[in-house]
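Before any comments, here is the structure.
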Protein chains: 4
Amino acid sequence: MTRVAVLGAGGYAGGEVLRLLLAHPAVEVAQATSEQHAGKRLDFPHPHLRGASTLRFAPHDALEPCDVLVSCMPSGELIRRWSQVSPLAARIIDLSADFRLGPVDHARWYPRAPRPAELPEFVYGLPEWAGARLKDARWVAVPGCMAHAALLGLLPLVRAGLVRPEMVVVDAKTGSSGGGATPDRSSHHPERASALRCYRPTGHRHTGEIEAATERFTGTRATVHFSATAVPSVRGILATVHAFAARPLEDANEPLRALASTYREHPFVNVLRANASASPFPEPGPLSGTNHCDLSVDVDAERGRIVVNAALDNLVKGAAGTAVHALNLMLGRPETEGLGFRGLHPL
Amino acid sequence: MTRVAVLGAGGYAGGEVLRLLLAHPAVEVAQATSEQHAGKRLDFPHPHLRGASTLRFAPHDALEPCDVLVSCMPSGELIRRWSQVSPLAARIIDLSADFRLGPVDHARWYPRAPRPAELPEFVYGLPEWAGARLKDARWVAVPGCMAHAALLGLLPLVRAGLVRPEMVVVDAKTGSSGGGATPDRSSHHPERASALRCYRPTGHRHTGEIEAATERFTGTRATVHFSATAVPSVRGILATVHAFAARPLEDANEPLRALASTYREHPFVNVLRANASASPFPEPGPLSGTNHCDLSVDVDAERGRIVVNAALDNLVKGAAGTAVHALNLMLGRPETEGLGFRGLHPL
Amino acid sequence: MTRVAVLGAGGYAGGEVLRLLLAHPAVEVAQATSEQHAGKRLDFPHPHLRGASTLRFAPHDALEPCDVLVSCMPSGELIRRWSQVSPLAARIIDLSADFRLGPVDHARWYPRAPRPAELPEFVYGLPEWAGARLKDARWVAVPGCMAHAALLGLLPLVRAGLVRPEMVVVDAKTGSSGGGATPDRSSHHPERASALRCYRPTGHRHTGEIEAATERFTGTRATVHFSATAVPSVRGILATVHAFAARPLEDANEPLRALASTYREHPFVNVLRANASASPFPEPGPLSGTNHCDLSVDVDAERGRIVVNAALDNLVKGAAGTAVHALNLMLGRPETEGLGFRGLHPL
Amino acid sequence: MTRVAVLGAGGYAGGEVLRLLLAHPAVEVAQATSEQHAGKRLDFPHPHLRGASTLRFAPHDALEPCDVLVSCMPSGELIRRWSQVSPLAARIIDLSADFRLGPVDHARWYPRAPRPAELPEFVYGLPEWAGARLKDARWVAVPGCMAHAALLGLLPLVRAGLVRPEMVVVDAKTGSSGGGATPDRSSHHPERASALRCYRPTGHRHTGEIEAATERFTGTRATVHFSATAVPSVRGILATVHAFAARPLEDANEPLRALASTYREHPFVNVLRANASASPFPEPGPLSGTNHCDLSVDVDAERGRIVVNAALDNLVKGAAGTAVHALNLMLGRPETEGLGFRGLHPL
């Protein structure tokens, strides 16, 4: 059994990491830390863990050596504690934004984050694209949830040269759980329940993450026009990628083929085809709790637009599930181990 | 592997039966029938089954012999087809109301249902109370979802003689999925999304089911005053049982002890205690997809009222999960096999 | 024009009081106070007041003399400031619980509230029942929102001697806006969005308010068994009153006649009849923003139960609208002035 | 009093037209027709009209002469009945798509609609842009709800030459009420309640409407890349317009000035400024029931993107309210008459 500690496990992503790891056949959850809930049982903040464990939260400083550390602390925290924390684990998987970007991009998008002289180099853990690099990785940064959805849809088109990289619009819609477990006015139920608001029309940090990742994985850096809109749900992201044909398409199905061939061997990405289902559109609802991403692609031949929609659960495929997926790959375990849940419908 | 066929598998309960059985280690899904979806793949109406099976729906008449038949057809259908269907399976688990009541109660509450001269005798499959009878059962009727929740809360109090059986009020709140997959005006999203309506203040058929079950399991027939209210959710039931002390309580915790001792050995029923959780109230949200029921009990000593709240997922503990639970018991398998999912939070 | 000041106008009830008064033809809003928003425009916390006023919030201490004061401060605040505030206004309408109960009941249900030696005597402002007393009132206490709904349904039955007063169950369902504008964990959107939780099974303070009001208005004090359940909506209350026949009914419509005759002349209470509408059940959705309460009554003759359902908007009929209704009556204005909004459907 | 008949008044837009007209001081509702509800009272399908009228629906064929006809029939119906209906009213306001487009565009986007040899010429009733033409209009076509939102945001930028007309992306989010009152699978509550699905990524008919209107009102025809996404709400649209600077901006506020100066004199369009509110983003929630549209504009100077967000209530500003607004202008009444409702918050 691999001994895994979860740092900052009192929030929503932490709760999902715990849910997945407690049911993982090759993992033992050695520790879970939370300043707020130290001394309490795991199910105190996480009602879905009732009966799943008798473990109690430890304070961060009580962290002991382990095989793998999964950090769910907010951005800025792992960087700040790097010198104390990093020696305690052979491998580290971080869910924050601390190590997703190279030094130049990091300085630009997170100018106020405390930075060590030398930023440790993490593998950007987009499993379907990081591939073999994850197997040998010591340190892995889990992508941001909206970047994750957008990239799974966009990368095949950029790599195939189908779309103009200088003009990509990503309109992402997100539920409230991405904002975390700390209450504030904008997440107060009477204010949020009917919210349909573009809370970040420009300047969202995932912009930089998507741009950097297009370069990393395809060699071509896209210019990404990103907006994020809050919708009245708790879980789930739908990223709509509006891209524009770089050349005449062979036929209307060429983008679909690019997506389908990219993910043919990847168990967690499904490319939906019209008419195959009574629910032919990617939507996050039935993916809640799963590590799956559903994609679709549509073409407006007359106007030269290619639209990809990508749906996923921000807390699983967009966070905790990808952490476990990366863990499986790092440990040489079967890719889908502990990630078999298929979702619920209706929900 | 036990070969199981699912009759009427195109609706919501059928979809959940399929989800659970397709992941069950001791079961092979041999057939799934649906008139509406005959010839289509299981994931056509059930998006959460994408990738889980290549099976296609057969029409009802194509049903072949199997070890166990799970019928999810609407009430009235299995009775009507009894002579053709019953010889095909050694064991039958029915999710409809056809066989939940004895002949007298059935005639009273379902006066228009077609009835064979001799109604086959099914075991009323409330697992925590039917006990050993389920192990030997050939035919099992899964309780109605709201009756199920109310009974788990009420039965321990009646059996212990704590409450007056002639005066029990059950105020049940339910999501929309209990109404099934067929659209109508009252389930049309603009009409249902903000619904908070007591759509069945009196005369709900689960009244008879609860009354009959109190007699069956405790020897005392309660008089139940039942109302059902639609709330703005999809999954889940909260049944609030208002009962009245039959005698002075030993102390304020006596009802809690009655519940806790009843379910101590039962893995799917959890009795919540105050302060053990940041979410100390039974609520169906985090139970979505699970086979668990959460209970709490409160006492108004001054007025002599004992209030039990019971929460469960109507499609799982209230339908498909109990079918699988019964199947496990009938087959001598571990009680929780295939039912390990713990739920999601937040949701 | 009557000059009205609104004390504690930064919360949800205050926002609705302002909305109604700013459009009221006989009223001038002289001041609105809020500690949190002092100096800000009214539409800063209240987006629906954009363009409706250029007034800015004053701090509480800046309150100046006015004709009528409407206080929306939390319970305990007006009592505490009584000696400073009460001389400033000829008439005071209070939306808190400070003055709803007589001294004995107040001490029992609000033991920690600061109390002056002599509690000022307010008229309990249930307009349809307080009647002429409101016209002469100097001080009016607006009823609690859930008590208001329950009482409108229950009082006609008690007065007519139709139900047993010692056994009344009130199961109230409520949206999140009743909890006010201050964020906390239980109102955090991811925790509240799917909530279906009986958060106050016993001991709710509206119990005492309902019991006292039955005595005040009918001469018979009912014993009320009250529970409050949070449902996934923002606005609205549905109170289900389960009462029990005190004697054989003349016929099944006797309770309906009792309700209908009580409210025949009252413009804001509607008694729904079966089949008169495609939406025959009282539900708060289409009543949002209105000062209306919809009632229905059903009878289970066999078991002797009479069920009344009462729906209203907790922020309007349950708070701000009743304040304006009382104001109209106190000022001798037309009862419905400024309260003509009919609601939206669908919503 | 102007006598107005409402044709096809049994649906959601019809219900809102009736709500507004019944409270309009200069209008008498002479007739309301509905095939489905003929003979029933207006409040049978429209619970929010309880007490507002004793009128009953007539069948379409019973339509009598009137001053103004408002048609809420589905697209295709008014065209089909044109020869019978048009002689009955001096003025006609149509809420369908029948007369929004010129003959060429109509044939392209509605190829299956029955078309008279000569399509009557309607004024495209976008009030803030149609201006004086509405005053003299005999026939007015109310814009489509999503087109309406997008155009209010886009037109000022195109007219000012600020954005490249050949590359405009409109990502519209919509509630379920836009789909009308007829139930189907996609609007069935369990399927729709958590929907976040881009149901029309390309080919939406409002594309043509927006393109044609840019040409009509600015002289420059934009190429519009339009997608429509269903979100979990009932009312409301948020249209996010992603446009690209055609030239260097004078400063970051130039687009804001273009919007603000365009709508300075228009009472129903509000341009939001950052920090002026605790809710600084356009969102349809607090606009429910109102005839207002909220706009905001943001600039990504580095990437040359200008983002406009436009929020409105699809059934009011996007349908019934604009019909009444046009009616006011046609009759020479005050522009805001009957349209004074300010909305509710929270909702």
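The values are calculated or read from the model by the stated rules, or taken from the named source; none is laboratory data. Model, not experiment: these values are computed from the prediction. Note that we place each Cβ from the backbone using ideal geometry, even for glycine, and neighbour counts take in every protein chain shown. Side chains included, ligands, DNA and RNA excluded: accessible areas come from the protein's heavy atoms. Shrake-Rupley method; radii C 1.70, N 1.55, O 1.52, S 1.80 Å.
Data table
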item	result
Qualifying residue in region B:330-340 (condition: at pLDDT 95 or above, part of a helix (DSSP H, G or I) and either over 23 Å from B:Met146 (Cβ atoms) or open to solvent by less than 20 Å² (accessible area, probe 1.4 Å) (or both))	yes
Top-ranked residue in region C:15-46 [being in a strand (DSSP E or B) and in contact (Cβ under 8 Å) with a residue 24 or more places away in the chain; ranked as surrounded by the fewest Cβ atoms within 10 Å (Cβ to Cβ)]	C:Glu28
Search result, residues across region B:186-206 that are more than 18 Å from B:Tyr12 (Cα to Cα), in a helix (DSSP H, G or I) and either without any contact (Cβ under 8 Å) to a residue 40 or more places away in the chain or of a type in the set (D, E, K, R) (or both)	B:Pro190, B:Glu191
Matching residues in region C:27-51 - criterion: being among the hydrophobic types (A, V, I, L, M, F, W, C) and over 13 Å from C:Ala9 (Cβ atoms)	C:Val27
Leading residue by the ranking (nearest to the other protein chains (Cβ to nearest Cβ)) among those in region D:162-210 that are within 19 Å of D:Leu259 (Cα to Cα) and open to solvent by 10 Å² or more (accessible area, probe 1.4 Å)	D:Arg164
Some residue of region D:288-301 being assigned by TED's automatic domain parsing to the domain that holds D:His242, over 23 Å from C:Arg56 (Cα atoms), over 20 Å from the mean Cα position of the chain (by Cα) and part of a loop (DSSP other than H, G, I, E, B)	yes
Total residues in region D:124-141, condition outside any helix (DSSP H, G or I) and within 17 Å of D:His266 (Cβ to Cβ)	4
Residue in region A:160-188 that is nearest to A:Arg91 (Cα to Cα), counting only those that are touching a Phe, Trp or Tyr at 6+ places or on another chain (Cβ under 7 Å) and not small (Gly, Ala, Ser)	A:Val170
In region A:240-253, residue least open to solvent (accessible area, probe 1.4 Å) [restricted to those that are over 22 Å from D:Cys198 (Cβ atoms) and touching a residue at least 60 places away in the same chain (Cβ under 8 Å)]	A:Ala246
Flag if C:Pro183 is assigned to a loop (DSSP other than H, G, I, E, B), assigned by TED's automatic domain parsing to the domain that holds C:Ser227, in contact with a Lys or Arg (Cβ under 8 Å, 6 or more places away or on another chain) and under 30 Å from A:Leu347 (Cα atoms)	yes
Single residue of region B:215-239 satisfying the filter (at the interface with another protein chain (Cβ under 10 Å from one of its Cβ atoms) and outside any strand (DSSP E or B)) that is most open to solvent (accessible area, probe 1.4 Å)	B:Thr223
Of residues in region A:47-105 being open to solvent by 30 Å² or more (accessible area, probe 1.4 Å) and closer than 30 Å to B:Phe281 by Cα, the one nearest to the chain's Cα centre (by Cα)	A:Pro74
Some residue of region B:295-309 being open to solvent by less than 10 Å² (accessible area, probe 1.4 Å) and touching a Cys at 6+ places or on another chain (Cβ under 6 Å)	yes
Sole exception among (1) within 19 Å of D:Thr229 (Cα to Cα); (2) in a loop (DSSP other than H, G, I, E, B) for A:Pro267, by number	(1)
Filter result for the condition that a residue is in contact with a Lys or Arg (Cβ under 8 Å, 6 or more places away or on another chain), more than 7 Å from every other protein chain (Cβ to nearest Cβ), open to solvent by 20 Å² or more (accessible area, probe 1.4 Å) and of a type in the set (A, V, I, L, M, F, W, C), over B:Leu256, B:Leu327, B:Leu287, B:Leu347	B:Leu256
Residue ID - modelled with the lowest pLDDT, chosen from residues in region D:268-284 that are within 9 Å of another protein chain (Cβ to nearest Cβ) and open to solvent by 50 Å² or more (accessible area, probe 1.4 Å)	D:Ala276
Qualifying residue in region B:128-146 (condition: over 30 Å from B:Pro255 (Cβ atoms), open to solvent by 10 Å² or more (accessible area, probe 1.4 Å) and of a type in the set (A, V, I, L, M))	no
Residue in region A:264-274 that is over 30 Å from A:Val68 (Cβ atoms) and touching a His at 6+ places or on another chain (Cβ under 8 Å) present	no
Among the candidates B:Ala323, B:Ala258, residue that is part of a helix (DSSP H, G or I) and over 29 Å from C:Met167 (Cα atoms)	B:Ala323
Condition met for A:Gly14 (within 14 Å of chain B (Cβ to nearest Cβ), farther than 23 Å from A:Val316 by Cα and among the small types (Gly, Ala, Ser))	no
